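Q: Below: one structure in structure tokens.
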Amino acid sequence: MLLKEQYLILHSRFSDGKASSAPIGVTLEELSSALFCTVRNAKLILRKLVEEQLIEWLPGRGRGNYSQITFHADKEDFLLQLTAQLAQSGEYKQAFEMLGSYGSGTLAKEKFLDWLNGHFGYKKGEGAEGAPASDTLIFPVLHAPRTLDPAAAGFAFDSHLLRQIFDRLMTFDEQLDRIVPGIAHHWNSNGDATEWTFYLRKGIRFHNGQELTSSDVLFSFERLRRNTENQWLLRGVETIEALGPRVVRIRLRKSNRIFERFMCSVGASILPIGFTGQEEDDFWSLPVGSGPFRVVSNSKHRIELAANPNYYQGRPYLDGVDIVIMPEDCDPESIGYPAVLHTWGSFRQYGQNSSDYAAETAEKLRQACTIMSWNLKKEGPQQSEAFRRAVRMIIQPGEMIEELGSPRILPAFGFRPDDRQNRVIVPLRTERVRAALKESGYDGTVVRFSIYEKYKKDAEWIQKRLADWGIRTEMHHTTWRDADFTIISIVLAEDQVCEIETYENRSGALQKYLDEERLSWISTRIDDAISAESVEDRRMIFHQIEQHLRDEASVIFLHHRELNAFLHPFVRGVSLNALGWIDFKDVWLEKHD
């Protein structure tokens, strides 16, 4: 690879702008300077390039005299071939670095991105020596998962990936809208829902062959209780005990009539006891679960999953999933080519000749919304409710959607899209904004906010709106924990339990931003909700929490986003789950030779 890069260095330095295959006069000193090496090493490199038939070299006679070098390989074609080889071996970052260093004056980057559209997607590989063909899903993401530890999971992509690797006692089936058995084939509770008993299946094995028993459940839950981001799942738990190798009983201090729903959450995934004998840090580099896919490689640029052939719910149709973490300069806006990426808003999948296929589009409104959340643990103008209300009135989500467009699709009045019903968008009333700002005593203090890159357009729009009213802001892309406010999206994948997670996950914005008095009040209301006997009563309590935050403008609801999937007709079993991702296990290919 080094020799090929040296060819590009010399070609860029001496042949750019010159006629192809024309001899070029150079000295050995010029060559060694371009290659940052001695004249002796330059001669060795030239000899290797000649052996590879990449150049023709005619040395000059005498020291300092001009020699002649002829470049045989066209730079653009050579760079495109080289970067494609790097990508195929998983070296995407190096491929983009090569394009950045040597692609100037060529169409190599544009052609490489076009090639990527064919490289990513669903691949049917030829089997060797009569073996069946393999089906693999290859797709890119902009950011690596933040964790592969279920106890720390708090982001949609992380949670989705962990569902492929680990299992839980039960699963919430979105299509059936009910809980279905998982590791536990049966469960029950006493009359006041303070004691829950789970009966485990026989024969479930982790990826390393170890059979899953009650000991693994106890190990996982005791660990989950110890100061983890998702310890809220075991809120109120008094004791966890094994009544046998496949029976687990959990006693609670207070009633929780939806505790079984808690056990469906990804944070409640079951790990092998003792991390299979490894040190914990080593375990998370290649975690072992019992899910439909096992991790075979994990680096900062690539994660490879292979099908678990012994999965208790049936072997996945796919043989493998290859997740490519693209370099930062492959942001869709910076490269002007969003089709190669799976972003939060869309998944686009193309075949080798995408024009040969008629793409179909599926759209789904996410059970999520984008919000603006104030940091009420920090001093600043945001401590004034009047100031927060003024900002809420200034920001008109309907106008934001109209001006910024897709994937923003619907103004948000609450966390869930269906909460928009019977809501009327109140037009901006300037006299009320002025009155609120006056009441707040805002004195021009700079309000600092931090965002993730994907919310940059929303943030710039809000910043301009606030500036029109004299509210000074500064945008940062650093940690949001020290900011005065942030913009985030809340994903409610599994009904009420995910709503509880929004408030109680320790890594979430609301836990970090709301003051202790508000958090304590919310926790008390959640206790009331989970002890309620009817869904309607629980729903009413959650509405009350949400309405309280909305009324005092601790949270400003912005919009719901559209989720698009562009899929080829021969791809079957594909559905977008509530986390906004494709469930890998049931994907299969209807493609005939």
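Q: Take segment 45-67 and flag every residue that is without any contact (Cβ under 8 Å) to a residue 24 or more places away in the chain, surrounded by 15 or more Cβ atoms within 10 Å (Cβ to Cβ) and assigned to a helix (DSSP H, G or I).
A: Of everything in segment 45-67, just one residue is without any contact (Cβ under 8 Å) to a residue 24 or more places away in the chain, surrounded by 15 or more Cβ atoms within 10 Å (Cβ to Cβ) and assigned to a helix (DSSP H, G or I), namely L46.
Q: Of the residues S384, S406, S346, only one is modelled with pLDDT under 85 and open to solvent by 20 Å² or more (accessible area, probe 1.4 Å); which?
A: S406
Q: Tell me, please, whether a residue that is in contact with a Lys or Arg (Cβ under 6 Å, 6 or more places away or on another chain), at positive phi and either at pLDDT below 85 or among the aromatic types (F, W, Y) (or both) can be found in segment 87-94.
A: Checking segment 87-94: at least one residue is in contact with a Lys or Arg (Cβ under 6 Å, 6 or more places away or on another chain), at positive phi and either at pLDDT below 85 or among the aromatic types (F, W, Y) (or both).
Q: Same structure again: Looking at A73 and the list (1) in a loop (DSSP other than H, G, I, E, B); (2) farther than 30 Å from F120 by Cα, which single condition is not satisfied?
A: (2)
Residues checked against (1) surrounded by 16 or more Cβ atoms within 10 Å (Cβ to Cβ); (2) in contact with a His (Cβ under 6 Å, 6 or more places away or on another chain); (3) closer than 22 Å to L376 by Cα:
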site	(1), (2), (3)
D482	no, no, yes
T502	yes, no, yes
L510	yes, no, yes
L519	yes, no, yes
S531	yes, no, no
V535	no, no, no
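Q: Any idea how many residues of segment 316-343 are over 13 Å from I165 (Cα atoms), assigned to a loop (DSSP other than H, G, I, E, B) and modelled with pLDDT of 80 or more?
A: Adding up the residues that qualify gives 3.
Q: Any residue that is in contact (Cβ under 8 Å) with a residue 60 or more places away in the chain and not aromatic (F, W, Y) - is there at least one of those in segment 278-286?
A: No, that holds for no residue.
Q: Another one. Any chance segment 12-20 includes a residue that's assigned to a helix (DSSP H, G or I), touching a helix residue (DSSP H, G or I) at 6+ places or on another chain (Cβ under 7 Å) and within 25 Å of T106 (Cβ to Cβ)?
A: yes
Let's see how each residue does on (1) modelled with pLDDT under 65; (2) closer than 25 Å to P150 by Cβ; (3) assigned to a loop (DSSP other than H, G, I, E, B):
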| residue | (1), (2), (3) |
| --- | --- |
| S523 | no, yes, no |
| D528 | no, no, no |
| E533 | no, no, yes |
| R550 | no, no, no |
| H559 | no, no, no |
| A565 | yes, no, no |
| L579 | yes, yes, yes |
| K591 | yes, no, yes |
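Q: Now, a different point. Any idea which residue in segment 140-181 is most open to solvent (accessible area, probe 1.4 Å), counting only those that are charged (D, E, K, R) and assigned to a helix (DSSP H, G or I)?
A: R163
Q: Please find, within segment 409-447, the residue that is modelled with the lowest pLDDT out of those that are under 19 Å from L558 (Cα atoms) and polar (S, T, N, Q).
A: Of everything passing the filter in segment 409-447, Q421 is modelled with the lowest pLDDT.
Q: Restricting to segment 260-287, count the residues that are closer than 14 Å to F219 by Cα and part of a loop (DSSP other than H, G, I, E, B).
A: Counting residues in segment 260-287 that are closer than 14 Å to F219 by Cα and part of a loop (DSSP other than H, G, I, E, B) gives 4.
Q: Step by step: first the residues of segment 98-107, then only those that are under 18 Å from L2 (Cα atoms) and either of a type outside the set (S, T, Y) or surrounded by fewer than 20 Cβ atoms within 10 Å (Cβ to Cβ) (or both), then the one that is modelled with the lowest pLDDT. Which residue is that?
A: Here the residue is G100.
Q: Taking the criterion of being within 23 Å of P327 (Cβ to Cβ), among the hydroxyl-bearing types (S, T, Y) and open to solvent by less than 30 Å² (accessible area, probe 1.4 Å), would at least one residue in segment 84-97 satisfy it?
A: Yes, because at least one residue in segment 84-97 is within 23 Å of P327 (Cβ to Cβ), among the hydroxyl-bearing types (S, T, Y) and open to solvent by less than 30 Å² (accessible area, probe 1.4 Å).
Q: Is one or more of the residues making up segment 6-18 farther than 17 Å from Y102 by Cα, open to solvent by 20 Å² or more (accessible area, probe 1.4 Å) and free of Cβ contacts under 8 Å to residues at least 24 places away in the same chain?
A: Taking every residue of segment 6-18 in turn, none turns out to be farther than 17 Å from Y102 by Cα, open to solvent by 20 Å² or more (accessible area, probe 1.4 Å) and free of Cβ contacts under 8 Å to residues at least 24 places away in the same chain.
For (1) out of contact with any strand residue (DSSP E or B) (no Cβ under 7 Å at 6 or more places or on another chain); (2) outside any helix (DSSP H, G or I), each residue gets a yes or a no:
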{"position": "I69", "(1), (2)": "no, yes"}
{"position": "F78", "(1), (2)": "yes, no"}
{"position": "T83", "(1), (2)": "yes, no"}
{"position": "A87", "(1), (2)": "yes, no"}
{"position": "F96", "(1), (2)": "yes, no"}
{"position": "T106", "(1), (2)": "yes, yes"}
{"position": "L113", "(1), (2)": "yes, no"}
{"position": "L116", "(1), (2)": "yes, no"}
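Q: Need the failing condition index for W461 against (1) part of a loop (DSSP other than H, G, I, E, B); (2) within 25 Å of the chain's Cα centre (by Cα); (3) not polar (S, T, N, Q), just the number.
A: Going through the list (1) part of a loop (DSSP other than H, G, I, E, B); (2) within 25 Å of the chain's Cα centre (by Cα); (3) not polar (S, T, N, Q), W461 breaks only (1).
Q: Another one. Which of the following residues is assigned to a loop (DSSP other than H, G, I, E, B) and either open to solvent by 50 Å² or more (accessible area, probe 1.4 Å) or without any contact (Cβ under 8 Å) to a residue 60 or more places away in the chain (or both): R257, R249?
A: Only one candidate qualifies: R257.
Q: Another one. What pairs can you find where one residue is in segment 170-195 and closer than 11 Å to R257 by Cα, the other is open to solvent by 40 Å² or more (accessible area, probe 1.4 Å), and their Cβ atoms are less than 6 Å apart, with a gap of 6+ or different chains?
A: Matching pairs, first to second residue: A193/R257; E195/R251.
Q: Restricting to segment 24-44, and then to whatever is modelled with pLDDT of 90 or more and assigned to a loop (DSSP other than H, G, I, E, B), can you tell me which residue is least open to solvent (accessible area, probe 1.4 Å)?
A: Applying the filter and picking the extreme gives C37.
Q: Identify the residue in segment 182-221 that is in contact with a Lys or Arg (Cβ under 8 Å, 6 or more places away or on another chain) and charged (D, E, K, R) and, among all such residues, is surrounded by the fewest Cβ atoms within 10 Å (Cβ to Cβ).
A: Ranking the candidates gives K202 first.
Q: Could you check G236 against (1) open to solvent by 10 Å² or more (accessible area, probe 1.4 Å); (2) within 25 Å of the chain's Cα centre (by Cα); (3) at pLDDT below 95 and say which number it fails?
A: (2)
Q: What about R481, is it in contact with a helix residue (DSSP H, G or I) (Cβ under 9 Å, 6 or more places away or on another chain) and assigned to a loop (DSSP other than H, G, I, E, B)?
A: no
Q: Would you check if L243 is part of a strand (DSSP E or B) and open to solvent by 10 Å² or more (accessible area, probe 1.4 Å)?
A: Judged against the criteria, L243 is a match.
Q: If you don't mind, another one. Give all pairs with beta carbons closer than 7 Å in which a residue from segment 24-44 that is without any contact (Cβ under 8 Å) to a residue 12 or more places away in the chain meets a residue that is of a type in the set (V, I, T); count only pairs at least 6 apart in sequence or on separate chains.
A: S32/T38; S32/V39
Q: Now, a different point. When the residues of segment 262-306 are filtered to those that are touching a Ser or Thr at 6+ places or on another chain (Cβ under 9 Å) and of a type in the set (F, W, Y), which remaining residue is least open to solvent (accessible area, probe 1.4 Å)?
A: F283
The values are calculated or read from the model by the stated rules, or taken from the named source; none is laboratory data. Remember, it's a predicted structure, so these values are computed and weren't measured experimentally. Every residue, glycine as well, gets a Cβ built from its backbone with ideal geometry; the counts of neighbours run over all protein chains shown. Side chains included, ligands, DNA and RNA excluded: accessible areas come from the protein's heavy atoms. Shrake-Rupley method; radii C 1.70, N 1.55, O 1.52, S 1.80 Å.
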